[in-house]
Amino acid sequence: MPDKFCKFLGECGSCTLDMPYEEQVKFKTELIRREFEPFYRDKFEFFASQSAAYRTRAEFGVWRDGEELRYTMYGTKTKRIFIDKCPKVADPIANLMPCLLKALTKNQILKERLFGAEFISCASGILATLLYHKRLGEAEQSEIESLAREFAGHRVMITARAKGQKLLSGELNLQDRLKIGGKIYKFTFGDGAFIQPNTAVNEKMIAWAKGCVEHGADLLELYCGHGNFTVPMAEKFKRVLATEISKSSIANALKNCELNGVDNINFLRMSAEELMSAFRREREFNRLRELDIFSYDFSHVLVDPPRAGLDESVINFIKNYENIVYISCSPQSLKRDLAQLALTHEAVKFAVFDQFANTAHIECGVLLKSKNA
């Protein structure tokens, strides 16, 4: 068992939990209950994962030993671990991994200076990305196209990446389907997009967030990505304003609105801090010339920040709204942020999402309501 759970997940958060899954559920629930007792004393909801074959996104190192190739990962104190099988990855990835490695071992061009492989499994198939420490050229382009044809029956797309370079075996078309509350939502996204690695638990996270809304006016969402929460949440509100710094994510978010027939969302390519500055009227943005951000009546704010949590300026801004839905990938930064948010808001729902079964990683969701409501 990790030492004090890596000092409350202050390190990598990927330590292996060597215990039956039922005990992991109890262990994680008790840990969160103890750590967040100052903010919440009601029942914690726990959304479990499959204990195996749950990861639809995975990354591995590739190590060359003579003419042979091996998948690797790093353990404690950077000790290299060779991977023959990975029970955590979804079956399509698990089935592809040995076949791909065998093909690469035979290919002198593609195995030269190869150091890593990434996999994404979704409704449209599998994307395998090969990572290189060399300049890529026509020879590599030809070989990845040939490799993709070899695995055409498995619906595999191949990309090769090196510093400042990306080669594609064909048209990139990543699409997924999520079932939430009996309804199917379609999503398209880029190969570099952040996606939740456990699709089944992601569906539970979105359903939980939707369940936090009984009656909504308008929604403000920060860190929206390609619309993972935004698109399904939109039906709960009159209008939605959502922000994201990534240009490609915004482009895909707009496509996802079209795919799902959603027309009440305005996406802004702005950081959360830039939007706060605009609301404080500190500066004007060309991106806001045709949008009156002050016309919104936000009843809810949804935040899904990176591991570092929320900046103080964002916390001070969202404190002004009655309902806050906080999705967190780091209990440590969540606890820090709740210390400030608890001055004005009360936690009324708290969920634990087990995105990474058999590891020490935990994701959480909290619904906060204003004490002055």
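A few remarks follow.
- The residues of the chain expose on average 49 square angstrom of accessible surface per residue, using a 1.4 Å probe on protein heavy atoms.
- For region 230-331, size of Cβ-based charge dipole, Lys and Arg +1, Asp and Glu -1, in debye: 120
- Portion, in percent, of the accessible area of region 223-306 that falls on carbon or sulfur, probe 1.4 Å: 43
- Annotation for region 151-234: GluC sites (Glu not before Pro) lying in DSSP loop with at most 10 further Cβ atoms inside 10 Å of their Cβ are 171, 214.
- Between region 164-190 and region 40-58, the C-alpha centres lie 23 angstrom from each other.
- Nearby aspartates and glutamates by direct alpha-carbon distance to residue 88 (threshold 15 angstrom, same-chain neighbours under 8 apart not counted): 18, 59, 118, 354
- Environment charge at residue 325 (Cβ cut-off 10 Å; Lys +1, Arg +1, Asp -1, Glu -1): 0
- Comparing mean-square fluctuations of 43, 238, 163 from a GNM of the chain with C-alpha springs under 10 Å, the top value falls on 163.
- A Cβ-based charge dipole, computed about the Cα centre of the chain with Lys and Arg at +1 and Asp and Glu at -1, lands at about 440 debye.
- Only the Cβ atoms of Lys and Arg (+1) and of Asp and Glu (-1) were treated as charged; on that basis the dipole of region 93-203 about its Cα centre amounts to roughly 160 debye.
- Region 198-336: translational diffusion in µm²/s, Stokes-Einstein, Kirkwood Rh over Cα pairs, 4 °C, 1.567 mPa s: 84
- Counting only alpha carbon atoms, the long axis of helix 199-211 and the longest principal axis of the chain meet at about 10°.
- Calculated mean residue ellipticity, 222 nm, the chain: -9000 deg cm²/dmol, from DSSP H runs (n ≥ 4) at -39500 (n - 2.57) each, averaged per residue and rounded to 500.
- Whole-percent carbon and sulfur share, accessible surface of region 161-212, 1.4 Å: 48
- DSSP-defined antiparallel bridges as percent of all bridges, the chain, nearest 5: 65
- The alpha carbon centroids of region 59-122 and region 203-218 are separated by 39 Å.
The values are calculated or read from the model by the stated rules, or taken from the named source; none is laboratory data. Worth saying up front: this structure is predicted, and the values here are computed from it rather than measured. Neighbour counts run over all protein chains shown; Cβ positions are idealised from the backbone, glycine included. Note: accessible area is taken over every heavy atom of the protein model, side chains too, but ligands, DNA and RNA are not part of it. Shrake-Rupley method; radii C 1.70, N 1.55, O 1.52, S 1.80 Å.
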